[in-house]
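Q: Before anything else, here's the structure in question.
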Amino acid sequence: MSDSTPARLEHAILDLLTHRAADATICPSEAARQVGDDDWRDLMQPAREAVARLAGAGLVAATQAGATVDALTATGPIRVAARQPHSVLKSHLDSDGH
């Protein structure tokens with residue numbers, strides 16, 4: 001994993017969410033696939049870590065069965081939901097340098 005991979009995963013998560021309906025969710029694997037191509041499975045834990053950082057910033061939430069969970073301690077599949085309007089997510093994307 002390169003030094004830029006965590007930031008690339010965060011960017012991918014936000015980018016995916018801004019291209020979905022406001023109430024839609026994504027799977028962290030979608031961001032891992034976007035960043036890692038054929039090696040996406042190796043990025044699943046880093047993708048969860050990126051979700052946790054974005055959740056800590058109040059931008060997203062990790063969910064299971066509609067309930068908010070900690071992306072780092074949840075077992076099983078999680079979904080990622082936007083917690084801010086698309087305009088806020090897009091401004092974060094514009095300011096992250098990717």
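The values are calculated or read from the model by the stated rules, or taken from the named source; none is laboratory data. Computed from a prediction, not measured in an experiment: that's the story for all the values here. Because the Cβ atoms are built from the backbone with ideal geometry, glycine has one as well, and the counts that use them run over all protein chains shown. Heavy atoms of the whole protein, side chains included, go into the accessibility calculation; ligands, DNA and RNA do not. Shrake-Rupley method; radii C 1.70, N 1.55, O 1.52, S 1.80 Å.
Q: Need the failing condition index for CYS27 against (1) open to solvent by 20 Å² or more (accessible area, probe 1.4 Å); (2) modelled with pLDDT of 95 or more; (3) more than 9 Å from the chain's Cα centre (by Cα), just the number.
A: Against the list (1) open to solvent by 20 Å² or more (accessible area, probe 1.4 Å); (2) modelled with pLDDT of 95 or more; (3) more than 9 Å from the chain's Cα centre (by Cα), CYS27 comes up short only on (3).
Q: Let me ask you something else. List pairs: first in the range 79-98 and buried (at least 16 other Cβ atoms within 10 Å of the Cβ), second assigned to a loop (DSSP other than H, G, I, E, B) and not small (Gly, Ala, Ser), Cβ under 8 Å, 6+ apart or cross-chain?
A: If the second residue must be assigned to a loop (DSSP other than H, G, I, E, B) and not small (Gly, Ala, Ser), the pairs left are ARG79/CYS27; VAL80/CYS27; ALA81/ASP23; ALA82/LEU59; ARG83/LEU59; GLN84/LEU59; LEU89/LEU59; HIS92/LEU59.
Q: Surrounded by 13 or more Cβ atoms within 10 Å (Cβ to Cβ) and of a type in the set (Gly, Ala, Ser) - does that describe any residue in the range 10-19? Please lay out each step first, then the result.
A: Step one: filter the range 10-19 for residues surrounded by 13 or more Cβ atoms within 10 Å (Cβ to Cβ), giving 10-18.
Those still in the list that are of a type in the set (Gly, Ala, Ser) too: 12.
Yes, because at least one residue in the range 10-19 is surrounded by 13 or more Cβ atoms within 10 Å (Cβ to Cβ) and of a type in the set (Gly, Ala, Ser).
Q: In the range 31-59, which residue that is charged (D, E, K, R) and farther than 17 Å from LEU89 by Cα is most open to solvent (accessible area, probe 1.4 Å)?
A: In the first step, residues of the range 31-59 are kept if they are charged (D, E, K, R); the result is 33, 37-39, 41-42, 48-49, 53.
With the extra rule that they be farther than 17 Å from LEU89 by Cα, the set shrinks to 33, 37-39, 41-42, 48-49.
Working: ARG33: 119, ASP37: 106, ASP38: 145, ASP39: 99, ARG41: 162, ASP42: 120, ARG48: 37, GLU49: 72 Å².
Among residues in the range 31-59 that are charged (D, E, K, R) and farther than 17 Å from LEU89 by Cα, the one most open to solvent (accessible area, probe 1.4 Å) is ARG41.
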